[in-house]
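Colleague: I have a structure I would like to understand better, so I am pasting it below and will then ask my questions one at a time.
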Amino acid sequence: MLEDEAEVKALCNRNKLASNEIDVPVVLLQSGKTFDLDFSVKVNTEQLNVSSGGSHLLGIAVRCSEYFAAITRTLLVNPTNFEKQAYAWMYSLHKKVVESLVAG
């Protein structure tokens, strides 16, 4: 799914990979009241209006050979007090989960 074929070839040459070993299977941008947290969500054709505020979910996943990595970010634009409190609660929950992880 990488768009620029020359960029893919250059990346593969630098890292001694075959061009079919690199892929961007997921690019995610969601906003407004229609969120779906599943990575297989279909692309929405609605225009993104960041200036009106709200929550925006951005994500990307990359596959290289057998390695798969994904990163997602939440952006709050002019959040309400409720959105701030909900995000702070979820963030504290996330920290506790990460702190409880143990090796093995």
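Colleague: Give me the accessible area of residue 56, 1.4 Å probe, in Å² rounded to the nearest 10.
Modeller: Its heavy atoms expose roughly 10 Å² to the probe.
Colleague: How far apart, in nm, are the 7 Å Cα→Cβ label points at residue 19 and residue 103?
Modeller: For residue 19 paired with residue 103, the spin-label model returns 4.2 nm.
Colleague: Something else: Around residue 24, which amide H atoms from residues at least 5 apart in sequence, or from another chain, sit under 5 Å from its own amide H, with H modelled in the peptide plane?
Modeller: For residue 24, whose amide H was placed from the backbone, the distant partners under 5 Å are 2, 63.
Colleague: Quick one: ranking 21, 66 by accessible area, 1.4 Å probe, largest first, what do you get?
Modeller: On the way: 21 50, 66 180 Å².
The ordering from most to least exposed comes out as 66, 21.
Colleague: Which FRET efficiency, nearest 0.05, do residue 12 and residue 95 yield, Cβ-Cβ r, R0 41 Å? Spell out each step's value before the answer.
Modeller: On the way: r = 38 Å, r/R0 = 0.93.
Efficiency, rounded to the nearest 0.05: 0.60.
Colleague: Something else: Explain nothing, just compute: Karplus ³J(HN,Hα) = 6.51 cos²θ - 1.76 cosθ + 1.60, θ = phi - 60°, for every residue of region 65-75 in order, whole Hz, x for Gly and Pro.
Modeller: Using θ = phi - 60°, the values come out as 6, 9, 8, 10, 10, 9, 9, 9, 10, 10, 10 Hz.
Colleague: Moving on. Which sequence of 92, 52 reflects their accessible areas, 1.4 Å probe, from the largest down?
Modeller: 52, 92
Colleague: Counting only protein chains, not ligands or nucleic acids, how are 87, 67 ordered by accessible area (probe 1.4 Å), most first?
Modeller: If we order 87, 67 from most to least accessible, we get 67, 87.
The values are calculated or read from the model by the stated rules, or taken from the named source; none is laboratory data. Please read all numbers here as calculations on a predicted model, not as lab measurements. Because the Cβ atoms are built from the backbone with ideal geometry, glycine has one as well, and the counts that use them run over all protein chains shown. We work out accessible area using only protein heavy atoms, side chains counted, and drop any ligands, DNA or RNA first. Shrake-Rupley method; radii C 1.70, N 1.55, O 1.52, S 1.80 Å.
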